[in-house]
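Please read the structure below before turning to the comments.
The values are calculated or read from the model by the stated rules, or taken from the named source; none is laboratory data. Treat the numbers as computed from the prediction; the structure is a model and nothing was measured. Quick reminder, even Gly has a Cβ in these numbers, built from the backbone with ideal geometry, and neighbours come from all protein chains shown. Side chains included, ligands, DNA and RNA excluded: accessible areas come from the protein's heavy atoms. Shrake-Rupley method; radii C 1.70, N 1.55, O 1.52, S 1.80 Å.
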Amino acid sequence: MRYPVVDLGECVDCDGCVEVCPEVFGRSDAGYIQVADLKSYPETCVDEAIMMCPADCIAWEEREEAP
Ligand code: SF4
């Protein structure tokens, strides 16, 4: 399954991903961007966030399904 991941070291806190794809991207209590824990992720909206991220720090990552 594909998960979106954010490289927080590169993130410039522009909130763009939260604006285009709020069901996936949000803010943690500590104020960092975090990815929601979902069973599956909406490709179109994550792709949109990837395209508009000014720091180019969002990417899809392939992971094994939990058993
Ligand atoms: S769009 Fe990119 S730089 Fe902007 S808050 Fe999201 S992850 Fe950070």
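Each Cα pair under 8 Å and six or more residues apart adds its sequence gap; the mean of these over the residue count of the chain is a relative contact order of 50 percent. Remark: spin-label model distance E65-E23 equals 2.0 nm, labels positioned 7 Å along the Cα→Cβ axis. Cα convex hull, the stretch 2-60: 71 Å³ per residue, rounded to a whole number.
On C-alpha positions alone, give me the angle between the axis of helix 43-52 and the longest principal axis of the chain, in degrees, nearest 10. Computed tilt is about 30 degrees. Partnerless cysteines in the chain, where a partner means another cysteine C-beta under 4.7 angstrom, comprise C11, C14, C17, C53, C57.
Only helices enter the 222 nm calculation for the chain: every DSSP H run of n ≥ 4 contributes -39,500 (n - 2.57), and dividing by all residues gives -6000 deg cm²/dmol, rounded to 500. Ranked by the mean number of other Cβ atoms within 10 Å per residue, highest first, peptides 30-41, 50-61 order as 50-61, 30-41. Computed with a 1.4 Å probe over protein heavy atoms only, the accessible surface of the chain comes to 67 Å² per residue. Taking 7 Å steps out from each Cα toward its Cβ at D13 and K39 produces label points 3.6 nm apart.
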